[in-house]
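The structure appears below as structure tokens.
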Amino acid sequence: MKKALSTFMLAVMLTTSTSACNSKWWQDFQNNPAQYIDSYITQVNAYVTTAEAVFAAIIVLLPADQQAAAEQAFAKAVAGVQHAIQALKDAEAAAAAAQQSNPDFTALINAVVDAITQVQAIIDEFKTGSPRLGAPRQIAGYDELHATYAALLRYKH
């Protein structure tokens with residue numbers, strides 16, 4: 001059920017042409033943010049899983065002397081996402097324990113979006129920086145990754 005909900009939410013976000021700040025979804029989120037946090041975290045984790053697969057395909061195409069630095073930068077960015085997710089989970093748990101009816105998770109969601117932006121930037125940098133990729137070559141999963149990233153950007157407020 002949780003996966004179906006997250007898939008539905010992702011589909012809704014991908015088909016929405018307005019920004020999250022102006023949409024009915026954003027109003028609903030502001031009215032009951034705790035209801036959406038788990039779905040959001042699931043989507044972010046799906047993004048990270050896809051990013052890891054895409055990066056694994058890119059890293060082997062980089063020159064050997066660039067691979068260690070690329071792996072280190074990517075690992076640091078993914079750790080940043082995990083840290084931001086944990087902060088969001090902790091805030092959600094604290095709000096639930098305090099029985100807050102309308103907690104504000106905006107800053108924490110923005111931190112998650114900023115963290116996944118770092119992951120995406122690293123993937124894009126090394127995808128375009130690999131001489132063996134070339135312009136016409138596609139990386140499996142990259143288009144899905146980019147679409148998920150675009151959808152997650154809509155959460156930033």
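No value in this document is a laboratory result; all are computed from the given coordinates. The shown structure was predicted, so the numbers you read here are calculated from the model rather than taken from an experiment. Every residue, glycine among them, receives a Cβ derived from its backbone with ideal geometry; neighbour counts consider all protein chains shown.
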### Query
Tell me, 60, 78 in order of fewest to most beta-carbon neighbours within 10 Å?
60, 78
### Query
Tell me which aspartates and glutamates have Cα within less than 13 Å of residue 76's Cα, excluding those fewer than 8 residues away on the same chain?
52
